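*Asks:* Attaching a single structure in structure tokens format; questions to follow.
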Amino acid sequence: MVRTGGAVNFSLNLIPGMKKAAIGDVDPAATNSPAAVVRLLSPVLDTDGLVINYFEVEPAESVGYAYHRHLDQEEVFYVQKGTVTFETEVGGVEVDAGEIVRFGPGEFQLGRNIGDERAHVLAIGAPRESEELEYLQDCPTCGEETVQVPEITESPKAILIHCTRCDSTTDEIPL
Ligand SMILES: [Zn+2]
């Protein structure tokens with residue numbers, strides 16, 4: 001049986017779980033990430049257990065909205081181009097092109113591009129859905145860094161960021 005070589009594209013339709021995509025052809029999505037380009041690949045690949053997002057991050061911008069952790073999800077970041085410096089609980093960790101980094105559930109991180117070229121990053125998380133997301137950032141009411149949690153509201157559609165210490169709302173991000 002021939003499993004490789006030749007014209008194999010016809011078999012994509014015959015293997016129900018196999019999905020292939022050109023990342024550059026996936027429409028950029030509007031998200032709360034400050035990244036210049038975000039392509040959500042999980043819906044395209046129809047993944048069951050993984051979330052996969054592709055980011056392009058300009059210098060001085062970050063991959064995610066804020067310094068955060070997922071209590072119920074591990075995350076892996078593969079830097080394809082440029083350099084991403086991850087803020088962690090023990091300081092900055094530089095991840096260069098061709099390198100990959102993993103964070104376990106409950107570990108705070110935020111990737112920033114402190115270089116001078118646009119960075120390309122593939123982010124993979126498991127399981128696909130995370131419901132326990134926490135931010136660690138300044139609360140204007142408390143006057144210091146506190147743990148904050150997002151809450152999605154329906155009208156208007158927005159993400160509210162609540163301080164777990166004083167219960168005030170720090171940010172409202174339109175959806
Ligand atoms: Zn507060």
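Every number here is computed from the coordinates shown, using simple stated rules; none is lab data. Here the structure is a predicted model, which is why all the values come from computation and not from measurement. For neighbour counting, all protein chains shown are included, and Cβ atoms are generated from backbone atoms with ideal geometry for every residue, glycine included.
*Asks:* To make sure I understand the rule: partners must be aspartates and glutamates, Cα under 17 Å from the Cα of LYS19, and not fewer than 8 residues away in the same chain. Which ones qualify?
*Replies:* Candidates past the 8-residue exclusion: ASP27, ASP46, ASP48.
*Asks:* Show me the three semi-axes of the equivalent ellipsoid for region 85-141, from the C-alpha gyration tensor (sqrt of 5 times each eigenvalue), largest first, rounded to whole Å.
*Replies:* Details: eigenvalues 91, 60, 24 Å².
Equivalent-ellipsoid dimensions as semi-axes: 21, 17, 11 Å.
*Asks:* Where nothing but the Cβ of Lys and Arg (+1) and of Asp and Glu (-1) is charged, how large is the charge dipole of the chain around its Cα centre, in debye to the nearest 20?
*Replies:* With Lys and Arg at +1 and Asp and Glu at -1, about 940 debye.
*Asks:* Placing unit charges on C-beta atoms (Lys and Arg positive, Asp and Glu negative, everything else neutral), compute the dipole magnitude of region 26-126 about its Cα centre in debye, rounded to 20.
*Replies:* Using only the charged Cβ atoms, the result is roughly 100 debye.
*Asks:* May I pose another question? In nanometres, what is the gap between the two model label sites at ALA29 and THR141, each 7 Å from Cα along Cα-to-Cβ?
*Replies:* 3.0 nm
*Asks:* Remind me, relative contact order of the chain in percent, using alpha carbon pairs under 8 angstrom and six or more residues apart?
*Replies:* It comes to 19 percent, rounded to a whole number.
*Asks:* Quantify how much of the Cα-Cα distance distribution of the chain extends past 27 Å, in percent.
*Replies:* 34 percent
*Asks:* Quick one: which residues, 5 or more positions from THR88 or on another chain, have an amide H under 5 Å from its amide H? H modelled 1.01 Å from N in the peptide plane, none for Pro or chain starts.
*Replies:* Placed amide hydrogens put VAL93 under 5 Å from THR88.
*Asks:* Using the charge dipole of the chain (Lys, Arg: +1 at Cβ; Asp, Glu: -1 at Cβ; taken about the Cα centre), state which of CYS163, GLY24, GLY106 has its Cα farthest towards the positive end.
*Replies:* Projecting each Cα onto the dipole axis, the largest value belongs to GLY24.
*Asks:* I would also like to ask the following. Relative contact order, percent, of region 26-126 when contacts are C-alpha pairs under 8 Å separated by at least 6 residues?
*Replies:* 33 percent
*Asks:* Computed over the Cα atoms of region 133-174, what is the convex hull's projected area averaged over all directions, in nm²?
*Replies:* Result: 2.7 nm².
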